[in-house]
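Peer 1: Quick one: this structure, given as structure tokens, is what I'll be asking you about.
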Amino acid sequence: MNKDNILRHDTVAMDETTGELVIIDQTRLPGETVFLRLSRPEDIHEAIYLLRVRGAPAIGVAAAIGIYAACRDLPEGDRAAFTDEFFKIRDYLASARPTAVNLTWALNRMAQVVEAHPASTVSELKALLRREALTIRDEDIQVCRALGEYGLTLIRDGDGILTHCNAGQLATVRYGTALAPVHVGREQGMQFRVFTDETRPLLQGARLSAFELAADGVDTTLICDNMASAVMKQGWVQAVFVGCDRVAANGDTANKIGTSGVAILAKHYGIPFYVCAPLSTIDMRCPDGSAICIEERPAHEVTELWYQQRMAPENIRVYNPAFDVTDAELITAFVTEKGVIRPPFGPAFRALFE
Ligand code: MRU
């Protein structure tokens, strides 16, 4: 696969003729590039839960386009019936995954459109919802581009970068968050040496980051999660860039399970640890990391998935949290669309949202 085969496609899109949600099915990557066209709430919920579309920003955009797609064929006559169904679908989609704040953030933006237009007909509401979904998509592209440009100010051509999970283009509409500086740097002819953790148990690093980085011609090395220390110790990593699913008001950050361990290692080796965070992922109602709900996923993802045969004893107890929380004190800076934010994060975030 090359750049033409994956990076020229938006990860999440609306078919502007039919209004359907169009996603790249990430469970099929890197083997096959398969596009799914969705409009039934059950299919959209399933796609988010099974990580066919994943990564906080991509989930948000998919939910926004998805709720429009799911509502666009509802009957026109009765506004009360329409709004009733709209809010049922909103609640249903919001239940697909709990940690990424972007999911409820995007669905609430769509809901505000309905609430802000009490006198509009169903047909007018549908047009407004479509416009809002496309705005959320466009904003995601602009925000990720800005993250890439600000992130690029923190690194130099030739640097070694370590990343965890996939916070690249496949986790957003375009560019990504943590990998945006790399993609934007590539456009300017820069080259980085990127180490991507495989990211047990769902292998977003091995299946997705390695795939999209290679597609962009990036010098990419795949490592198992337990190799990060060895790579850092050799002096091969000048910066760590990761994404996030929910950032608390004090800077504590939920991201893919294993991220906090990488942050601890980075501190040990004196390597800057950067979190790339669209403002939509900062949850000012969440005071600190202890208030973040951490999704737990089924045991078979650890014991069977991606293996040729089950590799753990039957009935063994498994703990499978999808995310962990990195303490704010381990984070060197946040890269946002408004610039690079350094500690103390609490006052800096408050100033951003004021
Ligand atoms: O379970 P996933 O694959 O949705 O988890 C994704 C991550 O943890 C990403 O790092 C995060 O959502 C940021 S994506 C720009």
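The values are calculated or read from the model by the stated rules, or taken from the named source; none is laboratory data. The structure presented is a predicted model; accordingly, all values stated were derived computationally and were not measured. Ligands, DNA and RNA are excluded from the accessible area calculation, which covers all protein heavy atoms including side chains. Shrake-Rupley method; radii C 1.70, N 1.55, O 1.52, S 1.80 Å.
Peer 1: Where Rh denotes the Kirkwood radius from the mean inverse Cα pair distance, what is Rg over Rh for region 121-237?
Peer 2: Taking Rg over the Kirkwood Rh, I get 1.12.
Peer 1: Now for a different question. Can you give the accessible area per residue of the chain, in Å², using a 1.4 Å probe?
Peer 2: That works out to 41 Å² for each residue.
Peer 1: Which lysines have a Cα less than 20 Å from the Cα of Lys256, not counting those fewer than 8 places away in the same chain?
Peer 2: Lys267
Peer 1: Among all the lysines, which ones have a C-alpha under 28 Å from Lys88's C-alpha, if same-chain residues fewer than 8 places away are not counted?
Peer 2: Output for Lys88: Lys126.
Peer 1: Which order do you get for Ser290, Ser280 if you rank them by accessible area with a 1.4 Å probe, largest at the top?
Peer 2: Greatest to least solvent exposure: Ser290, Ser280.
Peer 1: May I pose another question? Beyond 27 Å, what share of the Cα-Cα pairs of the chain is found? Please give it as a whole percent.
Peer 2: In whole percent, the share of Cα-Cα pairs in the chain beyond 27 Å is 44.
Peer 1: Now, a different point. Take the solvent-accessible surface of the protein heavy atoms, probe 1.4 Å, and return the percent of it on region 309-354 that carbon and sulfur atoms account for.
Peer 2: Summing carbon and sulfur atoms, their accessible area is 49 percent of the total for region 309-354.
Peer 1: 5 Å is the cut-off here: which amide hydrogens, built 1.01 Å from N in the peptide plane, fall below it relative to Asp288, excluding neighbours closer than 5 in sequence?
Peer 2: Close amide H contacts, sequence-distant or interchain: Ala249.
Peer 1: Among the aspartates and glutamates, which have Cα under 19 Å from the Cα of Lys233 when same-chain residues fewer than 8 positions away are ignored?
Peer 2: Those aspartates and glutamates meeting the cut-off are Asp159, Asp197, Glu198, Asp225.
Peer 1: Right, another one. Considering amide H positions built from the backbone, and no H for Pro or chain starts, which residues 5 or more places from Asp219, or on another chain, come under 5 Å of its amide H?
Peer 2: Phe192, Val194
Peer 1: For region 244-322, take N as its residue count and report Rg(C-alpha) divided by 2.2 N^0.38 Å.
Peer 2: Against the empirical 2.2 N^0.38 Å value, I get 1.38 for region 244-322.
Peer 1: Name the residues whose placed amide hydrogens come within less than 5 Å of the amide hydrogen of Ala277, ignoring near sequence neighbours (fewer than 5 apart) on the same chain.
Peer 2: So Ala277 has HN proximity to Val335, Thr336.
Peer 1: Within the accessible area of region 1-61, what % is carbon and sulfur when the probe is 1.4 Å and the other protein chains stay in place?
Peer 2: 46 percent
Peer 1: Let me make sure I get this right: for region 1-156, a, b and c are the square roots of the gyration tensor eigenvalues over alpha carbons, sorted descending. Under 1.5 in a/c it's rounded, otherwise prolate if a/b > b/c, else oblate. Which is it?
Peer 2: Since a/c reaches 1.5 and a/b is larger than b/c, the shape of region 1-156 is classed as prolate.
Peer 1: While we're here: As a test of the formula, what do you get for the chain when each DSSP H run with n ≥ 4 contributes -39,500 (n - 2.57) and the sum is divided by the residue count, at 222 nm and rounded to the nearest 500 deg cm²/dmol?
Peer 2: -11500 deg cm²/dmol
Peer 1: Quick check: at a probe of 1.4 Å, how many percent of the accessible area of region 167-214 sits on carbon and sulfur atoms?
Peer 2: After summing per-atom areas, the C and S share lands at 45 percent.
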